[in-house]
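Here the structure is laid out as structure tokens; the discussion comes afterwards.
The values are calculated or read from the model by the stated rules, or taken from the named source; none is laboratory data. Not measured: the values here are computed from a predicted model. No Cβ is skipped: glycine too gets one built from the backbone with ideal geometry, and neighbour counts run over all protein chains shown.
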Amino acid sequence: MNFFWKLPDVGEGIQEAEILAWRVEQGQIARKESPLVEIQTDKAAVEIPSPVEGVVLALNAAVGDVVKVGTVLVEFDVPAGDSSQVIGVIQSKDENNHPKEEVAISLSTGDIRGNEEFRKDSGQTYDVLASPAVRTLAREKRVDLSRVRGTGPKGRILREDVLKVSEIGGIYEKPTDLITSANVVQPTRIALRGIRRVTAERMVRSAFTAPQVSVCELADISSLAEWKNRISTVAPNNSPHLTYLPFVVKAVVGALKKFPTFNAVMDDEGQEVVLLWDYDIGIAVDTDEGLIVPIIRGADRKNIGDIAQEITELARKAHSRGLSPSELLGGTFTISNYGAVGALFATALVNYPQVAILGIGRARSQLILSEDNRVVSHLMLPVVLTFDHRVNDGGQAGRFLAYIMSRLQEPGLLFLE
């Protein structure tokens, strides 16, 4: 019997997901609970196991496709069961691309019940049925599969169908694709996929939802550098490499406790600012696939060494794609250390619905005229606070940033909090 598996909501209220990788191939026997597909939601990358054991008849989405929850992704041939539960529907469309009829799929028989007349080859628009290899070929040939009538079983589009359409001129995805010239170098198009697509969506929402303002300063961390070096000298050999970032995290937590409107999220629908009393600090990590922000849970209950260890471990997991959804969800404030790539100043976008983000740049020595008119060298750290102006104003932001700077300039105060 045929079993039609639909993309489920993996528990985070997602509406759609991107196919990152298939763990099975057409014709392969999938074992129950063995890896089936890896998807990228707007929260995290998730690997989903096979719900049944059976032969994979068809994979209805290619790597890189973004599909809605409830879409039939895999067709299995499985032994007949004793259940008659309806596990899904397929929706046909009319010439205006409007839903025409829903047909039910029976788990026990695999029967598709509906209007047989409509499902015959009538020239109408159908949901695309094609293997990943055929979809890849269609993209290469610039053929729009939604306008190709398949000659395979149940209207499945075959490789030969795509090649035939391509040979007679093709059905192009955009009218502008027809404009070509031997003397013009065609541009390269790179699709937004995976983490980059999710980041793009979030950044657009942040930029066009929250009015954002940035406050910039230079913190004198000469004393902090001495503290860090002394701690590194006496730390055990197996201790993580100590940077300035754990000290910044501790300073931020102290500032959030003193100024709670920065440890908050904005509820736009209810027009409310929601103050949060957990201190879960997101640390932006630059990876080959894009920016990932894992969370340090309960940063207020951890010392400098604990935070340094956790930053190292979270960064390792981020680079190896080993982070779980629980390590990525629910942060209350974010820190972006773009100084790690050599930048001095940047205005990072708020990690919406959070209401503020702190950026730290590359520390460098600067010559400063002291109070007794001597020129001395100080180690200066650029810090930039970007905040949602609906929640906090410039005065409050200045005081928040001044508090952080005071702890970085006098690091002994960090150990009194």
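Give the residues of region 107-145 that are assigned to a helix (DSSP H, G or I) and at pLDDT below 75, sorted by residue number. Those that are assigned to a helix (DSSP H, G or I) and at pLDDT below 75: E116, E117, F118, R119, P132, A133. Scanning region 205-220 for residues that are farther than 19 Å from G398 by Cβ, touching a residue at least 12 places away in the same chain (Cβ under 8 Å) and surrounded by fewer than 18 Cβ atoms within 10 Å (Cβ to Cβ) turns up R205, A207, T209.
If the requirement is being outside the structural domain of A45 (by TED's automatic domain parsing), under 26 Å from the mean Cα position of the chain (by Cα), at pLDDT below 95 and among the basic types (K, R), which of these qualifies: R321, R230, R297?
Details: R230 fails: under 26 Å from the mean Cα position of the chain (by Cα); R297 fails: at pLDDT below 95.
On inspection, the qualifying residue turns out to be R321.
Quick one: how many residues across region 304-343 are among the aliphatic types (A, V, I, L, M) and in a helix (DSSP H, G or I)? The qualifying residues number 9.
Of all the listed residues (V384, V391), the sole one being of a type in the set (A, V, I, L, M), touching a residue at least 12 places away in the same chain (Cβ under 8 Å) and in a loop (DSSP other than H, G, I, E, B) is V391.
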